[in-house]
Structures are given as C-alpha cells and as structure tokens.
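The values are calculated or read from the model by the stated rules, or taken from the named source; none is laboratory data. Quantities reported herein were computed from a predicted structural model and do not represent experimental measurements. When we count neighbours, we look across all protein chains shown, and the Cβ atoms used for this are built from the backbone with ideal geometry, even at glycine. Just the protein is used for accessible areas: all its heavy atoms, side chains included, with ligands, DNA and RNA removed. Shrake-Rupley method; radii C 1.70, N 1.55, O 1.52, S 1.80 Å.
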Amino acid sequence: MNGYFTVCCTERSQHHYIDFLLSRYEDLNLKYSFSAALGYLASPLLMAGTAVLCYDEEDQICGAFSYIHGTGEHDYQDRHMIQIQAAYLDKAYRVSRWFVEGLRFLAEHLHDQEEEVTDIQFWVPGDVRSQRLFSKFAVPLKGEGAPSGDMEGYRVTVEGIFDYLLGTAILRDRKQGFTV
C-alpha cells in the first residue's frame, strides 16, 4: 500500500477537499440537515482549522479529514483541544492500514505544531461497528455537546494516539510508503 496525506495549504487544495466530501455527501450519512453538514465540512477552512487530503498510489484523492481548534461548549477558547469535523475514506481504502496511517499523520502533524494540542474530540454514528473501532484508542463522552442526530462522542489525547500507534507497530516501522 502506497499513498500519502497532505495539508490543504492552497485555495485549490481546499476546493479539492470540499469537492471530494460533497461528492460523497450521501456516503457520509450525516445525521443532520445539509446546511448543518456543510457548516461542519467547511468550518476548518473558515475557522483557521486544518483540512487534510489522502492520496492513493496513483495520486488520486481517496480520503479527507479536517479539524478545528476548540469546542463550541467553551466558545472555542479551549484551543488545546481539536475537534474533528470530517473524516472519510473511499470504500476501497477502508482497511485498517489506511486508518492507522491517517491517525499517525494527525498525531505527528499535531506534535509538530507551534500551538500545543493535547486532546482530540470527535463524533461518529452511534453504531456497534464505530464503538468497536474507536473504543480501541478513545474514551466515549457522556452526552457532552452532542451535535443533532444519533451521534456518539469520543475523546483521546495526542499521547494516547501515539501509545495506540506504538501497539500497531506503525511508529516502529517507518518504511511503509507514507511520508509526513
């Protein structure tokens, strides 16, 4: 498996991010109105957050994720916390290796930033499959700040992601074709 992740630093790459996610709007299966969903998808570009694109071995976009600093319940002043606004991989790439590489990219990217980030919060559909996956490295939130719809929140420290990645051998074996 070869591929790479890149931060959307140009207007063109930001357009690719929005176009990619909007073209997969039905697959995102978001549990709230289109206008609310569009707000979540675009907020990293509008609120000085970060959007990331995932490219496959043929340099085609196969995934995207994004985050903002802070949470609404603390008026976005808790900048040590990021909130994942969107995360999507095309079906052909939904294997654990791509997911784990995305986590690695995120953790290393956050570690390299000037502004210290210690915690990550995210919301996913409240189903058994999601619970099984995300409980491997994150702690469920107890009804705090839930967006509308049937969503469950999770929180993890950046350190906790590194610990999880060490258990998957990703950080021990850096010759896997991904670069930061």
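Kindly indicate whether Ala37 is touching a helix residue (DSSP H, G or I) at 6+ places or on another chain (Cβ under 9 Å) and of a type in the set (Gly, Ala, Ser).
Yes.
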Report summary line: All-but-one check, Tyr67 against (1) of a type in the set (Ser, Thr, Tyr); (2) open to solvent by less than 10 Å² (accessible area, probe 1.4 Å); (3) in contact with a His (Cβ under 7 Å, 6 or more places away or on another chain), failing number (3)
Query raised in the report: For Asp78, all conditions in the list (1) open to solvent by less than 50 Å² (accessible area, probe 1.4 Å); (2) acidic (Asp, Glu); (3) touching a strand residue (DSSP E or B) at 6+ places or on another chain (Cβ under 9 Å); (4) not in a loop (DSSP other than H, G, I, E, B) hold save one; what is the number of the exception?
Result: (4)
Query raised in the report: Is it the case that Leu28 is at pLDDT below 95 and under 15 Å from the mean Cα position of the chain (by Cα)?
Result: yes
Report task. Quick one: which helices (runs of 4 or more DSSP H) lie wholly within segment 90-169 and hold at least 2 residues that are of a type in the set (Ser, Thr, Tyr) and touching a helix residue (DSSP H, G or I) at 6+ places or on another chain (Cβ under 8 Å)? Result -> 158-168
Query raised in the report: Just for segment 31-51: of the residues that are in contact with a Gly (Cβ under 8 Å, 6 or more places away or on another chain) and open to solvent by less than 50 Å² (accessible area, probe 1.4 Å), which one is farthest from Tyr67 (Cα to Cα)?
Result: Tyr32
Query raised in the report: Among the numbered criteria (1) at pLDDT 90 or above; (2) more than 23 Å from Leu41 (Cα to Cα), which single criterion is violated by Asp173?
Result: (1)
